[in-house]
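J.: One structure coming up, written as structure tokens, with questions to follow.
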Amino acid sequence: MSLWKRPTLGLTATLSASVLVLTGCSGTSGGGSDDTVLIGVSLPLTGDFSEPGKGVQRGYESWVEAVNADGGLLGREVELKILDDQSSADRVVQDYEALIAHYEVDLVFGPFSTRLVVPSARVAEEYGMLFVEPAGAADQVFAQGFENLFYAAPAIADDHYDHLAEHILSLPPAERPRTVAVAAMDDPFAQGTAYGLRDRLAEAGLDIVVDEVYPPNTTDFGGIAAKIADSGADVVIGGTQYQDAVNLIVALQQLGYQPQLAAFSTAPTNPEFSEAIGDRTEGILAPTGYTTRAAWPSNVEFVEHYTEMFGGPPAEDEANAYTTGQVVAAAVEAVGCAEQGECQQRLVDWLRENEVDTVVGPLSWDDRGRPQSAHLIQQYVGNEMSIVLPRDAAEAELMHPKPAW
């Protein structure tokens, strides 16, 4: 029986509302051909998530160029059709309806952000499409019961800081921090990364003295920064994306607050972070599922190719997007098909049973699409990000307490 289902949303409104971006496309209005594989994706190229959204776009584009240079998929040239969801959950649903039902793409890739992954994965599930995604790491993604979703990174959000938690709790009592301040964006991924660390520390007896949540569009962090500074917390945890982390850190620095440890999700791994913060990044921590220095064979090639294409090395968002392409490509080549219909279930079944070598390392998944690995912990050491945990992968010693910022 065919897995294809009729669309449930108005496609006319969808197409007029979305901005269409074609990458390496012939401009066909529907489906791939005998010579092409058409892949559809919706990304937040404008709105709250536009900065990382554009990074994901670059990662996808880099993968397309690399795979086509190597003969494409199944001997067919790969084309991308990208729609701008404007960081809107309603728009992303419309976009994937349009990509699958109107444009009749052969395959789909996931968007950026848990907020957009959950509704778009629901559309992909309805149409029976394989859904590999680069940025939906929050636990709620995997609690939905999706049967065709796979996260293209080493670990889900709640586990990103596991190595840091283990380090803190291994310290002798006299050296262990005692108080923790938490500020998190009202976003499943940002909260997942922060709360995974918060909860492990709280369970071990550390006192959570500040626990703030702020809307995604917050720009004034004076009040939150004042609460954290007044608490004098030994550890500050930021459940952040990019601009919010920059604004919060600057506000904390202006108040003269000096924590022993400062950990912020996502932002410190962004290439623009150092320039935004200035020369006061030393000691800031962040989890990462990717480093350009990893010796995985495909990563060496990826870094060289990406740098030549875009004039600088890739960051984690770009790497996870490239990984998405690698995961889908591995399934397509193994199964021998790339189109809507029964092929999609064959791709899903293959990924459930196999490991894929990627630029973030070998990946395998449980029955909910959760990757079975862990994130590294990076710290600014000498104004450069270096791996500091776990110790067997460390490039530098963890600085604790961190230098004054």
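J.: Please tell me the relative contact order of the range 126-248 in percent, rounded to the nearest whole number, where contacts are Cα pairs under 8 Å and at least six residues apart.
T.: Numbers: 180 pairs, mean separation 33.2, N = 123.
27 percent.
J.: Beyond 22 Å, how much of the Cα-Cα pair distribution for the range 47-127 remains, as a whole percent?
T.: Every Cα pair in the range 47-127 considered, those over 22 Å come to 28 percent.
J.: Then there is this: Short version: what are the Cα gyration tensor semi-axes of the chain, square root of 5 times each eigenvalue, largest first, in whole Å?
T.: Details: eigenvalues 284, 91, 73 Å².
In descending order the semi-axes read 38, 21, 19 Å.
J.: Can you tell me the equivalent ellipsoid semi-axes for the range 118-212? Use √(5λ) from the Cα gyration tensor, largest first, whole Å. Show your work: numbers first, answer last.
T.: Details: eigenvalues 222, 36, 14 Å².
Those come to 33, 14, 8 Å.
J.: Would you mind working out the magnitude of the charge dipole of the range 85-225 relative to its Cα centre, with +1 at each Lys and Arg C-beta and -1 at each Asp and Glu C-beta, to the nearest 20 Debye?
T.: Working: 7 positive and 24 negative charges, 78 e Å.
That gives a dipole near 380 debye.
J.: Right, another one. Straight-line reach from K81: which aspartates and glutamates fall under 18 Å, measuring Cα to Cα and dropping same-chain residues less than 8 apart?
T.: D34, D35, E61, E65, D95, E97, E104, D106, E133, E318, E339
J.: Return one whole number: the accessible area per residue of the range 206-354 in Å², for a 1.4 Å probe.
T.: Details: 5750 Å² over 149 residues.
Dividing the accessible area of the range 206-354 by its residue count gives 39 Å².
J.: Specify whether the C-alpha gyration tensor of the range 277-403 places it in the rounded, prolate or oblate class, a ≥ b ≥ c being the square roots of the eigenvalues: rounded for a/c under 1.5, otherwise prolate if a/b is larger than b/c and oblate if not. All intermediate terms of the calculation are to be shown ahead of the outcome.
T.: Working: a/c = 2.97, a/b = 1.99, b/c = 1.49.
Here the range 277-403 falls in the prolate category.
J.: How much of the DSSP bridge set in the chain is antiparallel, in percent, rounded to the nearest 5? List each step's numbers first, then the result.
T.: Numbers: 20 of 52 bridges.
So the antiparallel bridges amount to about 40 percent of the total.
J.: Would you calculate a helix-derived [θ] at 222 nm for the chain, using -39,500 (n - 2.57) for each DSSP H run of n ≥ 4 and dividing by the full residue count, to the nearest 500?
T.: -11500 deg cm²/dmol
J.: Rounded to the nearest whole Å³, what is the per residue volume of the convex hull around the Cα atoms of the range 202-281? Please list the in-between numbers first.
T.: Working: hull volume 7.9 nm³, N = 80.
Considering the Cα atoms of the range 202-281, their hull volume per residue is 98 Å³.
J.: State the Kirkwood hydrodynamic radius of the range 33-75 in Å, one decimal place, computed from all pairs of distinct Cα atoms.
T.: Values: mean 1/r = 0.0853 Å⁻¹.
That comes to 11.7 Å for the range 33-75.
J.: If you don't mind, another one. Report, in debye and to the nearest 20, how large the dipole of the range 271-342 comes out about its Cα centre when Lys and Arg carry +1 and Asp and Glu carry -1 on their Cβ.
T.: Values: 2 positive and 13 negative charges, 44 e Å.
Taking the Cα centre of the range 271-342 as origin, the dipole is about 220 debye.
J.: Of P287, V300, Q253, which is farthest along the charge dipole of the range 242-322 in the positive direction, counting Lys and Arg as +1 and Asp and Glu as -1 at C-beta?
T.: Ranked along the dipole, the leading option is Q253.
J.: In Å³ and rounded to a whole number, note down the convex hull volume per residue for the Cα atoms of the range 268-347.
T.: Working: hull volume 10.7 nm³, N = 80.
Given the Cα convex hull of the range 268-347, per-residue volume reads 134 Å³.
J.: Report, by chain and number, residues whose modeled amide H sits under 5 Å from the one on V213, excluding near sequence neighbours (fewer than 5 apart, same chain).
T.: Here the answer is A184, since their amide H atoms fall under 5 Å of that of V213.
J.: What residue among L206, V327, G369 has its Cα farthest toward the positive end of the dipole of the chain, where the charges are +1 on Lys, Arg and -1 on Asp, Glu, each on the Cβ?
T.: Projecting each Cα onto the dipole axis, the largest value belongs to L206.
J.: In debye, nearest 20, what is the charge dipole magnitude of the range 310-387 about its Cα centre with +1 on Lys and Arg Cβ and -1 on Asp and Glu Cβ, if you could check? Could the numbers behind the result be given before it?
T.: On the way: 4 positive and 13 negative charges, 25 e Å.
Around 120 debye, computed over the range 310-387.
J.: Under a 5 Å amide H to amide H cut-off, with H placed in plane at 1.01 Å, what residues pair with Y257 once short-range neighbours are removed?
T.: none
J.: Counting only protein heavy atoms and a 1.4 Å probe, tell me what percentage of the range 204-320's accessible area is made up of carbon and sulfur. Mind showing how you got there, number by number?
T.: Working: 2300 of 4690 Å².
Ligands and nucleic acids excluded, carbon and sulfur reach 49 percent.
J.: Can you tell me the alpha carbon radius of gyration of the range 169-315 divided by the globular rule-of-thumb value 2.2 N^0.38 Å?
T.: On the way: Rg = 16.7 Å, N = 147, 2.2 N^0.38 = 14.7 Å.
Normalised Cα radius of gyration, the range 169-315: 1.14.
J.: Note down the relative contact order for the chain as a percent, whole number, built from C-alpha pairs under 8 angstrom at least six residues apart. Don't jump to the answer; show the numbers that get you there.
T.: On the way: 875 pairs, mean separation 73.9, N = 405.
Taking the mean separation of contacting Cα pairs over the length of the chain, I get 18 percent.
J.: Have a look at G382, G128, G72 and tell me which one the Gaussian network model of the chain (Cα, springs below 10 Å) gives the largest fluctuation.
T.: Evaluated over the chain, the most mobile residue of the options is G382.
J.: What's the longest bit of the chain with no exposed GluC sites (Glu not before Pro), using DSSP loop states and at most 11 other Cβ atoms within 10 Å as the test? Can you show the working numbers first?
T.: Working: sites that count: E175, E397.
Longest gap between qualifying sites, sites excluded: 176-396.
The values are calculated or read from the model by the stated rules, or taken from the named source; none is laboratory data. Note that the coordinates shown come from a computational prediction; the quantities given were computed from them, not determined experimentally. Cβ coordinates were reconstructed from backbone atoms using ideal geometry, including for glycine residues, and neighbour counts include every protein chain displayed. For the accessible areas, the whole protein counts, side chains as well, though only heavy atoms, and no ligand, DNA or RNA atoms are used. Shrake-Rupley method; radii C 1.70, N 1.55, O 1.52, S 1.80 Å.
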